[in-house]
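Working notes for the structure below.
Nothing in this text is a laboratory measurement; each read-out follows from the coordinates by a stated rule. Here the structure is a predicted model, which means the values were calculated and not measured. When we count neighbours, we look across all protein chains shown, and the Cβ atoms used for this are built from the backbone with ideal geometry, even at glycine.
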Amino acid sequence: MRHFLTLKDFTKEEILEIIEIALEIKKNLKNKIYNKELAMQTLGMIFEKSSTRTRVSFETGMFQLGGHALFLSNRDIHLGRGEPVKDTARVISSMCDMVMIRTFEQSMIEEFAEYSKVPVINGLTDSYHPVQLLADYMTMVEYGIHENAIVAYIGDGNNMTHSWLMLAAKLGFELRIATPKGYEVDSVILEDAIKMAKKSGAIIKVSNNIDEALYGATIVTTDTWASMGQEEEKEARVKAFKGYMVDGLKMCLAKKDAKFLHCLPAYRGQEVSAKVLEDHADIVFDEAENRLHAQKGLMVWLDQQRDK
Ligand code: CP
Ligand code: NVA
């Protein structure tokens, strides 16, 4: 049995296998051929933070695969009132066939997975957002921009940045990260990525220099400056990130036909200008839709692993 807690635990081949299943399932759905691999299965979805895309995509995806999803907000279950994680894990995994968790600490989902009898999926923690990166890479494949990609990430060194680090390090593409001083990526995660990059041939560059990161990039991406849980820092962050908005001038530094990606929700006028977001709306909203297909691929793949 496998869990999906971080891309660090996955090989390049496994990541590509998941994407392949996702692309197939998406094609089938568009042709009204319905994959029912998870018939009679249930997915427990524990949310300790808000969500639009993650909730809708997992719930819809599970239904489309013939199963059922339960939305479990921590306001409604005893976890939010102090029932231990390990007890919650033992109970929910005795009734559900898979569990998805969106929470704060990565250690919480690790503990949950330790006590779970069924696969656990990371639906975002403070450290990582790996399901988003499956959708992002799937989108890169669909747009034919995955080969020789040079990805520039401009903004906060957060869960999205860490997941980009893992994806680049595993798949072997070039990733340039530019963050303001004091908002760099986690040094342990960076070290891990650099070690893995040596094997895969990935090029990883981390700096505070936006222009250097953007010059010749084929894909530009960013994320909110204040993640969930950092609401109180919002004002200070807007000041610290001055000059980091991805706008038309910055896109000019990237390759002529460079694409823009954003995991959403986007804050126009902060990390991205309204014009850049709207100019790239086709790919950004395909990226959002691909959350559905990529996660269906992931759940089918995880289900296959337990039969092995
Ligand atoms: N990108 C993403 O995970 O969106 P939600 O927070 O809406 O789930
Ligand atoms: N970094 C953001 C991603 C939202 C999908 C957050 O954690 O809030």
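Worth pointing out:
- Using alpha-carbon coordinates, inclination of helix 130-142 to the longest axis of the chain, degrees: 60
- Most mobile listed residue (F173, F58, F71) in the chain, GNM with C-alpha springs under 10 Å: F71
- Residues R176, R306 in ascending order of nearby Cβ atoms (within 10 Å, fewest first): R306, R176.
- Against the chain, whose longest principal axis is taken from its Cα atoms, helix 106-115 shows a tilt of about 20°.
- For D282, D303, the sequence from fewest to most other C-beta atoms within 10 Å is D282, D303.
- Only Lys, Arg, Asp and Glu carry charge here, each on its Cβ (+1 for the first two, -1 for the last two); on that basis the range 52-158 has a dipole of about 340 debye about its Cα centre.
- Computed over the chain with a Gaussian network model linking Cα atoms closer than 10 Å, the most mobile of L124, L190, L249 is L249.
- Most mobile listed residue (Y137, Y153, Y215) in the chain, GNM with C-alpha springs under 10 Å: Y215
- The range 163-183-the range 46-108 distance, computed between alpha-carbon centres (Å): 28
- Surrounding net charge for T60, when Lys and Arg each add one and Asp and Glu each subtract one, Cβ distance under 11 Å: +2
- Proximal charge balance of Q305 [Cβ under 10 Å; K/R count +1, D/E count -1]: 0
- Extension gain for N209-C252 works out to 13.9 nm (0.36 nm per residue, less the C-alpha to C-alpha distance).
- Each Cα pair under 8 Å and six or more residues apart adds its separation to the average, and for the range 35-191 the resulting relative contact order is 17 percent.
- Straight-line cross-link reach from K199 at under 20 Å between alpha-carbon atoms covers these aspartates and glutamates, not counting any fewer than eight positions away in the same chain: D9, E13, E14, E17, E147, E174, E191.
- Note on V131, V91: ascending count of other Cβ atoms within 10 Å places them as V91, V131, the fewest first.
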